[in-house]
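K.L.:
This structure is in structure tokens; I'll ask about it shortly.
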Amino acid sequence: MRRTALITGASKGIGRELAIIFARQGYDLVLVARSKALLEELGKKLCKKYKIEVTTIEKDLTCKEAPEEIFQELEGRRIDILVNNAGFGDYKEFAHSEWEKQYLMIQLNVTALMHMTKLFLPNMIKQGYGKVLNLASTAAFLPGPNMSVYYASKAAVLSFSQAISKELKGCNVTVTALCPGPTSTNFERTAGLINSRLFHSLKVTDAKKVALYGYKALMKGKPVAVEGLFNKMLVISTKLAPRGVVLAMIDQIQSKLREGQPADGQPAEGQPAKE
Ligand SMILES: NC(=O)c1ccc[n+]([C@@H]2O[C@H](COP(=O)([O-])OP(=O)(O)OC[C@H]3O[C@@H](n4cnc5c(N)ncnc54)[C@H](OP(=O)(O)O)[C@@H]3O)[C@@H](O)[C@H]2O)c1
């Protein structure tokens, strides 16, 4: 029997790489995102190369009705794997941020993820097989100054995923929270992180590596999967160190690059090199 994987945010970055991995493994795909052209282009390529079926659904998951509409569109179709990957961040002090953007972030990163899980989980339980991969982040373990809502949204994803993973014990349905650190995708630009130290002071991984790690962790049914040795050590240190120390450390990492220092990390003319 051919299995089907539904992946949100499959047009770019980690979601796109996950779609390629599932296609290579012979899964039929349902790909969801707003960028119709990118989804169709990827779908055509994967159909041709791996002889699989690909359905593309153009949808803005910040809309309240979007998960229900996706579920209706797939009514009667067996979904074996659900990857809740679509998400974005915003690099701004909370007091000066746009509420609408924070609201949409919560809608996408948290509400749509939970709603999609709520809709597709019962059939997985009924069919006696299913796997859910939820994109959390190393941010899920930390408070994140300058990205407070994003970090909090990922903490919600981690907490939710761990809790339902426990509830589902014994019914052959697993839930995995994937926790990557900074990864080279569109995320940095969308979140406005170009001027932050985050992507300059920590090791940046590539999306292919994160996706493959996530795929393997999902297949093993791991409840929480932190990608990379550095990130694993970071997560352990957040559990051992006092919260105040962790907050001070992340405050440094999340701070803006010095004025005059270009985003590529090179010192600007007449400026001292970055320490
Ligand atoms: N990159 C990192 O450093 C990093 C680290 C930890 C965790 N993560 C998490 O990994 C996940 C994937 O991010 P990424 O790094 O691959 O970022 P990305 O390259 O920006 O990709 C984000 C994906 O989400 C989709 N998306 C965004 N808004 C959407 C909406 N309103 N409705 C439907 N789809 C939407 C985008 O497609 P369209 O624009 O076509 O809609 C795109 O396919 C996110 O949940 C992110 O929080 C990323």
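The values are calculated or read from the model by the stated rules, or taken from the named source; none is laboratory data. Computed from a prediction, not measured in an experiment: that's the story for all the values here. Glycine also receives a Cβ, built like all others from the backbone with ideal geometry; neighbour counts cover every protein chain displayed. SASA here: full protein model, heavy atoms, side chains in, ligands and nucleic acids out. Shrake-Rupley method; radii C 1.70, N 1.55, O 1.52, S 1.80 Å.
K.L.:
Do we find that Ile57 is of a type in the set (Val, Ile, Thr), modelled with pLDDT of 95 or more and under 25 Å from Ala191 (Cα atoms) in this structure?
P.N.:
Yes, satisfied.
K.L.:
Which residue pairs have Cβ atoms under 8 Å apart, sit 6 or more places apart or on different chains, and have a first residue in the range 69-94 that is touching a residue at least 40 places away in the same chain (Cβ under 8 Å) and a second that is small (Gly, Ala, Ser) and more than 16 Å from the ligand (Cβ to nearest atom)?
P.N.:
Here the result reads Ile79/Gly130; Asp80/Gly130; Ile81/Gly130; Leu82/Gly130; Asp90/Ser97, each pair linking the range 69-94 to a residue that is small (Gly, Ala, Ser) and more than 16 Å from the ligand (Cβ to nearest atom).
K.L.:
Pairs only if they're at least six apart or on different chains, beta carbon under 6 angstrom, first in the range 230-259 and part of a helix (DSSP H, G or I), second among the charged types (D, E, K, R) and surrounded by fewer than 16 Cβ atoms within 10 Å (Cβ to Cβ); list them, first residue then second.
P.N.:
Hits for this filter: Phe230/Lys203.
K.L.:
State all residues of the range 149-198 that are aliphatic (A, V, I, L, M), more than 15 Å from Ala225 (Cα to Cα), open to solvent by less than 40 Å² (accessible area, probe 1.4 Å) and in a helix (DSSP H, G or I); if no residue qualifies, say none.
P.N.:
Passing the criteria: Val149, Ala156, Ile164, Leu193, Leu198.
K.L.:
What about Thr205, is it open to solvent by 20 Å² or more (accessible area, probe 1.4 Å), within 16 Å of the ligand (Cβ to nearest atom) and either under 16 Å from the mean Cα position of the chain (by Cα) or modelled with pLDDT of 85 or more (or both)?
P.N.:
On the way: open to solvent by 20 Å² or more (accessible area, probe 1.4 Å): no; within 16 Å of the ligand (Cβ to nearest atom): yes; either under 16 Å from the mean Cα position of the chain (by Cα) or modelled with pLDDT of 85 or more (or both): yes.
Criteria not met by Thr205.
K.L.:
I need a count of the residues in the range 91-131 that are in a loop (DSSP other than H, G, I, E, B) and either open to solvent by 30 Å² or more (accessible area, probe 1.4 Å) or among the small types (Gly, Ala, Ser) (or both).
P.N.:
Initial filter on the range 91-131 (in a loop (DSSP other than H, G, I, E, B)): 91-93, 97-98, 128-129.
Pick out the ones that are also either open to solvent by 30 Å² or more (accessible area, probe 1.4 Å) or among the small types (Gly, Ala, Ser) (or both) and you get 92-93, 97-98, 128-129.
Looking only at that region, the number is 6.
K.L.:
Can you find even one residue in the range 227-234 that is open to solvent by less than 70 Å² (accessible area, probe 1.4 Å), closer than 29 Å to Leu168 by Cβ and polar (S, T, N, Q)?
P.N.:
Taking every residue of the range 227-234 in turn, at least one turns out to be open to solvent by less than 70 Å² (accessible area, probe 1.4 Å), closer than 29 Å to Leu168 by Cβ and polar (S, T, N, Q).
K.L.:
Based on this model, can you work out whether Ala191 counts as of a type in the set (A, V, I, L, M, F, W, C), within 12 Å of the ligand (Cβ to nearest atom) and within 25 Å of Gln127 (Cα to Cα)? Walk me through it before giving the result.
P.N.:
Details: of a type in the set (A, V, I, L, M, F, W, C): yes; within 12 Å of the ligand (Cβ to nearest atom): yes; within 25 Å of Gln127 (Cα to Cα): no.
So Ala191 fails the test.
K.L.:
Pairs, please: C-beta under 9 Å, at least 6 apart or cross-chain, first residue hydroxyl-bearing (Ser, Thr, Tyr) and in the range 31-43, second open to solvent by 70 Å² or more (accessible area, probe 1.4 Å)?
P.N.:
Note: pairs meeting the criteria are Ser35/Lys12; Ser35/Glu58.
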